[in-house]
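Written below as structure tokens is the structure these notes are about.
Just so you know, all these numbers are worked out from the coordinates, no wet-lab data involved. It should be emphasised that the depicted structure is a prediction, and the values quoted were computed from it without experimental measurement. Here Cβ is always computed from backbone atoms with ideal geometry, including for glycine, and neighbour counts include all displayed protein chains.
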Amino acid sequence: MITIKHSIKKSTNPLVRQTGSMLKAPLGSTISWTDKILSDNSLIRTYENTVYEIVDGEVVLIKENFNSKPILPLILPKKRRINNNFLSMDIETVMVPPLAPPVREDNINDTQNINNLRMYLICLFDGKYSYSFFNNKLTEESSLNLVRDLVKFFNSRKFKGTKVYIHNFGKFDSYFLLKHLVKLGNCGVLLHDGNLLTLSFISNKMKPKCPIIFKDSFKLLPSSLKKLSASFKVENPKSIFPILFNDVNYKGSVPKIEYFKDITIDNYNEYLKEWLNKEWYFKKEAINYCKLDCISLYQVLFNFNRMIFDKFKINISKYPTIPSLAFAIYRTHYFNKEIHSLTGSTYNNIALGYTGGSVDMYIPKNPKSSKIYGYDVNSLYPSVMKNNLYPVVACAPVRVRKRLLNLKGIF
């Protein structure tokens, strides 16, 4: 190994001047590099994070190390406590004018429909108490006032740093909240592939200036609240309500079955029995329904958080999605090395070459009436991952350029 330090301007050595030009060093500057002599006509020259292979005075290979940030194992804090400092929340909307054709949440991309929706109810549950805000005027101003009431509710020290979970927030509820919250304070959003994961909000009048974080619980538990309530055996399962009914001032008999969603005739008849000789009041029942949804969601998240913490000592509120939570569990308990990954334009260029798995279809031409034996492999990927090392090494990625072969690549 030979270490050389030269002044490019003063040196008369043509190889030194060639190296200075190759390394793009300013004339007159002083640089140093390390040479490893391979033979009489070849050497490997290292300068900063770049390696040059030189044969007969020609650069035949260049390797450049990327300044990549490695993925490292996560270390659990010494003091580990479960954190249930979160609220559940839900909003209810109706189409205006009353009794107009209803809109479902899966029609959220229908601009004409969503612009005719008005928010009339917001409910929350903090694990002990339920809260509700109702407005029957069905105007944009009344919706804004609902959000104002919500912001005033959060303007308390006890809600400092609180996280608020709303089921399907990113695809529905966020539209109605965000357009009003931006008028009342500063908003920040976390997006992934165009999908909203979290919304942080700081009111212009909020003291202390601590954000309220709205999160989408569907990103953590991608299933309907009804199914989740059954899976987690919550004490207050999701109830039924004529969510397609639009008259918020209605009092009278129970609305017809077509205003309910995803219920059987038996469910409807049982519901009718509860209101025999009683007056059904939209406002009261809407608030009860929305509150119960909030309680059910809170209990689902509470039980899920308890399950994850008991097994892995991790709180779910730190992670916005189920993949990020799973990755945190892996890095905390099963990952014992560092892995470097490509990012930015380099990754984007390589990702253009990614394709899905190939599928071949074979049509056998067997003799008539003869048997055909079909074989398939189940769980091939998991078995390979279990029984073989993952094909990575604990080193930074390197860009390789072969000048003589006129090839460029990343390995």
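Here region 86-303 is assigned +1 on the Cβ of each Lys and Arg and -1 on the Cβ of each Asp and Glu. Its dipole about the Cα centre then comes out at about 1040 debye.
Fully extending the segment from residue 256 to residue 152, taken as 0.36 nm per residue of separation minus the present Cα-Cα distance, adds 33.7 nm.
Note on 389, 178, 380: ascending count of other Cβ atoms within 10 Å places them as 389, 380, 178, the fewest first. Amide H to amide H distances under 5 Å link residue 246 with 99, where only residues 5 or more positions off or on other chains count and H is placed in the peptide plane. Within the shell of other residues whose beta carbon sits under 13 angstrom from the beta carbon of residue 220, the net charge comes to +3, with Lys and Arg scored +1 and Asp and Glu -1. Here r is the Cβ-Cβ distance between residue 231 and residue 370 and R0 is 41 Å; the resulting FRET efficiency, rounded to 0.05, is 0.30.
The GluC sites (Glu not before Pro) of region 259-367 that DSSP puts in a loop, and whose beta carbon has at most 15 other beta carbons within 10 Å, are 279, 338. Sorting 340, 192 by the number of Cβ atoms found within 10 Å of their own Cβ, with the fewest placed first, yields 192, 340. Where in region 162-264 are there trypsin sites (Lys or Arg not before Pro) that are in a DSSP coil and have at most 16 other Cβ atoms within 10 angstrom of their Cβ? Passing sites in region 162-264 are 183, 205, 209, 233, 256, 261. Summing Lys and Arg as +1 and Asp and Glu as -1 over all other residues whose Cβ lies under 14 Å from the Cβ of residue 65 gives a net charge of +2.
If you average 1/r over every pair of different alpha-carbon atoms in region 285-401 and take one over that average, what Kirkwood value in Å do you get?
That comes to 20.6 Å for region 285-401.
Each of 387, 321, 281 was scored by the projection of its Cα onto the charge dipole of region 253-404, and the greatest displacement toward the positive side belongs to 387; charges sit on the C-beta of Lys, Arg, Asp and Glu.
3J(HN,Hα) along region 376-388, derived from phi through the Karplus expression 6.51 cos²θ - 1.76 cosθ + 1.60 where θ = phi - 60°, amounts to 9, 10, 9, 6, 5, 4, x, 5, 5, 5, 6, 9, 9 Hz, with x in place of Gly and Pro.
Can you sort 275, 33 from fewest to most other Cβ atoms within 10 Å of each residue's own Cβ?
With the sparsest Cβ surroundings first, the list reads 275, 33.
Volume of the convex hull of region 143-274 (Cα atoms only), normalised per residue: 162 Å³.
For region 86-303, the relative contact order works out to 23 percent when only alpha carbon pairs closer than 8 Å and six or more residues apart are counted.
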